[in-house]
Amino acid sequence: MSSVTHTMQLARKGKHFFWNYGPLVFSVFYFFPMIRNYGTYSVSEVVIQFLAYIGFIFCYHKASTKPAKDATNFIALMLLICVLMTQVTSGTSTLFGYVGYFIGFCFLGTVRWLMLAVLMCAITLVATLHISPNYWPYFIGPAAVISLGLFGFGVVEYKERIHRNESKQSREQIRQLAKIAERERIARDLHDLLGHSLSSISLKSELAGKFIDAGCHDKARHETQEVAELARTALSEVREAVSGMKQLGLYAQLEVMASRLKDKGLLVEPDIQQLTLTPEQESCLCFVAKEAITNVLKHSTASKVSISLGANKQYHKLVLSDDGEVHKVVWGNGLNGIKSRIEELGGSFNLRTENGLMLVALLPQKEI
């Protein structure tokens with residue numbers, strides 16, 4: 001039996017009283033023989049039957065609120081009450097079933113459940129030998145049927161609880177993995193955004209110090225100004241990543257980037273289709289579009305930019321192209337970041353330099 005099973009209890013915490021103790025409503029059949037033959041019982045026998053029933057309910061409550069590993073003693077007491085009261089009333093045929101219910105729930109999956117089940121059947125059979133020879137079949141029959149039936153319900157409840165616990169653990173593991181993946185994504189975003197800028201700031205700061213030592217104050221001032229500009233740009237990109245990228249979806253992000261291109265005097269030719277993307281794919285394409293268009297704004301001599309988003313039967317496709325002059329493609333942090341993100345999602349990334357620069361990103365279609 002697993003540690004989870006050991007700590008399970010029949011009564012569910014937070015559940016309404018009826019759901020935990022509702023099954024006891026059928027235990028009133030215990031009193032039917034006494035009601036039917038009331039005149040044949042003495043006052044002391046009636047009192048004993050009520051006290052035994054109260055003791056049985058008390059043991060039921062204790063067994064249902066304790067972990068399975070600690071319920072054995074109370075289950076044994078329930079069985080003992082049933083055996084002893086069999087000598088007084090045949091109504092105990094009903095109560096035997098509740099013992100079977102606990103055996104099915106608390107001990108399934110262990111050697112003890114089979115031993116207890118056999119022991120219970122043997123004790124029930126021995127107890128019935130003291131009943132009238134003509135009546136005992138009518139006792140053992142209902143007792144066996146009720147016990148087997150409730151034992152089955154106990155097994156079902158046990159398996160349902162195990163399934164629920166495993167599902168809960170799986171959901172928790174998924175949440176933990178999602179948190180880890182999100183932290184890794186944020187770390188990668190910050191690295192992609194700031195890695196190159198901080199390296200340049202560090203190098204230019206060292207260079208400015210060397211110019212100062214050499215007495216080249218004009219050159220030192222120029223390097224200092226570039227450091228300040230790099231810092232402002234990096235801060236702007238971080239703010240945009242934290243606020244804009246978190247708040248805007250892919251389509252809104254493409255509109256914002258297109259507006260930035262138009263503000264710089266570039267002609268924008270959009271061809272955007274509505275696609276069904278996973279959150280990971282949408283985040284990836286947001287990053288690709290932002291990185292590519294930022295590079296156009298910073299480095300390209302283009303006058304026209306085309307933005308195309310569409311799909312075929314296998315792939316989602318994002319194409320960004322411009323008509324700027326391309327002398328040499330340098331694979332820095334930006335392009336390498338784009339490539340690694342797309343490949344992590346099972347896609348492919350390609351650059352073409354005929355008649356300008358064309359970036360093609362393909363991501364496989366997935367069921368949402």
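Things worth noting here:
- Of all residues in region 48-57, those that are open to solvent by 70 Å² or more (accessible area, probe 1.4 Å) and free of Cβ contacts under 8 Å to residues at least 40 places away in the same chain total 3.
- Selection status of Ala63, closer than 22 Å to Arg164 by Cα and modelled with pLDDT of 80 or more: yes
- Residue count, region 58-100 (criterion: open to solvent by 30 Å² or more (accessible area, probe 1.4 Å), touching a residue at least 24 places away in the same chain (Cβ under 8 Å) and touching a helix residue (DSSP H, G or I) at 6+ places or on another chain (Cβ under 8 Å)): 10
- When Gly334 is tested against the conditions (1) in a helix (DSSP H, G or I); (2) modelled with pLDDT under 85; (3) open to solvent by less than 40 Å² (accessible area, probe 1.4 Å); (4) touching a strand residue (DSSP E or B) at 6+ places or on another chain (Cβ under 9 Å), the lone failure is (4).
- Test: residue in region 154-166 that is modelled with pLDDT under 65 and either under 30 Å from Glu282 (Cα atoms) or more than 24 Å from the chain's Cα centre (by Cα) (or both): yes
- Some residue of region 281-292 being open to solvent by less than 20 Å² (accessible area, probe 1.4 Å), out of contact with any Leu (no Cβ under 7 Å at 6 or more places or on another chain) and in contact (Cβ under 8 Å) with a residue 60 or more places away in the chain: yes
The values are calculated or read from the model by the stated rules, or taken from the named source; none is laboratory data. Predicted model only: the values in this text are computed from it and were never measured. Every residue, glycine among them, receives a Cβ derived from its backbone with ideal geometry; neighbour counts consider all protein chains shown. Each accessible area value is taken on the protein alone, full model and side chains, heavy atoms only, with ligands, DNA and RNA left out. Shrake-Rupley method; radii C 1.70, N 1.55, O 1.52, S 1.80 Å.
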